[in-house]
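One structure below.
Where a number appears in this text, it was derived from the coordinates with a stated rule and is not lab data. Predicted, not measured: the structure shown is a model, and the values here were computed from it. Here Cβ is always computed from backbone atoms with ideal geometry, including for glycine, and neighbour counts include all displayed protein chains.
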Amino acid sequence: MESTDCDVLVIGGGPGGSSAAAFARLRGLSVCLAERDQFPRFHIGESLLPMGNAVLRASGAWPKIESAGFVRKYGAEFMLADGSAVKEVVFANGSIPGLDWTFQVERSRFDSILLEHARSLGADVRMGATVRALSPSRDSVTATLARKDGPDASITARWVVDAGGRENLYESPGKRVFEPPHFPRRAAVYSHFEGVRRAPGPRGGNIIVVRLEDGWFWIIPISAERTSVGLVTSVEAIRRGGDPTDVFHGTVAGSPQLCALMDGSRAVAPFRVTADYSYVRTQFASPRIVLAGDAAAFFDPIFSSGVYVSIHSAQVAVGAIARAHAANRALTRAEQRRYTRGLKRHCAVFQELIDVFYDNDGFSVFMTQKPPLNLGPGLTSIVAGHVRLTWALWWRFKVFLAVCRIQKYLPIVKRIAHGSRVSLRAA
């Protein structure tokens, strides 16, 4: 078994891992990145948030993303599946400047660009390498890598950033402990399509969210021809509906809005199913190991927070590591708590938005064209990813949540009547 040494071992070559590797190299740290797959590879989570643009700029990857020809995203459109209500959220109308737009991305290309950027900065990128064991000591962590094209390798690093996603591929007490589930069990059925109808002009780059009574569809334009389309509903609905692809097509057929958008389209990739993807681990950091992105937590794809949280947490994690590294010590308990609590506070705002979305009364307030008390611009900035709440955003968000709660008992806005449900005809 061969042995190598580096300052930082990064697990995972997705956006979080590649960004962590880039930030570590920019700090002058030597980096080895282990990715179990070969790139390019398929992945969902194609819709970015404007708040992530600054992180990509800080990592140095932004010019490469900007020149890649991805679809520009200026906002989001939320609509009912029967076509009775539509609301467009335009990022430029938010109260925080600089969050006007971002990109919709085909993740196979996007992830490869970020990984190659990390490599260009000097990261030692190892594809087809899976971390199977971590053995932390006082001053370092020894990792065992199982490789597809050679013998196992042993790597000793001062630090580990685990950005390897939700799977627990190595024994670790920190990755076995989760907070009590906040959300019910949900599943997504999705594929890529050609021929999905789009609005003309800049609106054609918007993500479209089509709300059902018991679920929703995402429609994300990821290239001039290709569109990512997925159905999210409960695990139980998918199970009762029989074949997930039949549930997908049956639900489209039962929705006038979806029929209009999908008419004449065809799937150009296999259908995939992902289930039980909402989780939060209890601790995100230990003295020498820090969890980033999906390795720490993932809630729900509705507000496109996945990539942003991954790259943001990577930036914060490397900052904490670099400060401790310069002082020649491990992360203190206070630093571990600060990282965990800070990231959980960041994610909690998305969690509250997700609660509103799945609550029919709260969603009625969200869909109001002009929310009461001029809350719209602040809410737009939060939807754009500005979840580090300033005072002006904080009190507006708290008032918005209060209005959503009051709506249950005293209608402040017109209640939405959902006309479409997930199809269970295959049951």
Rounded to whole Hz, the Karplus (6.51, -1.76, 1.60) HN-Hα couplings of segment 114-121, x for glycine and proline: 5, 5, 5, 5, 4, 5, 5, 7
Order of His117, His418, His346 - criterion: other Cβ atoms within 10 Å of each residue's Cβ, fewest first: His418, His346, His117
Rule-of-thumb Rg ratio for segment 97-238 [Cα; 2.2 N^0.38 Å; N residues]: 1.42
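Once the convex hull of the alpha carbons of segment 272-313 is built, what does its volume come to per residue, in cubic angstrom?
Values: hull volume 3.5 nm³, N = 42.
So the per-residue Cα hull volume is 83 Å³.
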Output the Kirkwood hydrodynamic radius of segment 273-427, Cα pairs only, in Å rounded to one decimal. 17.7 Å
With springs only between Cα atoms under 10 Å, which of Gly254, Gly150, Gly28 fluctuates most in a Gaussian network model of the chain? Gly150
For the chain, take every pair of Cα atoms, bin their distances at 10 Å starting from 0, and report each bin as a whole percent. 5, 22, 31, 26, 13, 4, 0
Considering only C-alpha atoms, what is the centroid distance from segment 115-165 to segment 40-60, in Å? 23 Å
So what are the ³J(HN,Hα) numbers for segment 38-49, from phi and the Karplus equation (6.51, -1.76, 1.60; θ = phi - 60°), rounded to whole Hz, Gly and Pro as x? 9, 8, x, 9, 5, 7, 9, x, 8, 9, 8, 10
Just to check, using Stokes-Einstein with a Kirkwood Rh over alpha carbon pairs, what's the diffusion coefficient of segment 187-333 at 4 °C and 1.567 mPa s in µm²/s? 73 µm²/s
Calculated FRET efficiency, Ala392 and Asp152, Cβ-Cβ r, R0 60 Å, to nearest 0.05? 0.65
Just check segment 70-137 against the gyration tensor rule for me: Cα atoms, a ≥ b ≥ c as the square roots of the eigenvalues, rounded for a/c under 1.5, and otherwise prolate or oblate depending on whether a/b exceeds b/c. prolate
Quick one: among Ala20, Ala129, Ala314, which has the greatest mean-square fluctuation in a GNM of the chain with alpha-carbon springs under 10 angstrom? Ala129
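What is the mean projected area of the alpha carbon convex hull for segment 172-265, to one decimal in square nanometres?
8.5 nm²
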What aspartates and glutamates does Lys64 reach when the alpha-carbon gap must be under 15 Å and sequence neighbours fewer than 8 apart in one chain are set aside? Glu106, Asp111, Glu116
With the calculation restricted to Cα positions, what are the radius of gyration and Dmax of segment 27-133 in angstrom? 17.4, 56
Could you calculate the contour length gain from His418 to Asp243, that is, 0.36 nm times the residue separation minus the distance between their Cα atoms, to one decimal place in nm? 60.6 nm
Among Ala348, Ala295, Ala81: highest mean-square fluctuation, GNM of the chain, C-alpha pairs under 10 Å: Ala348
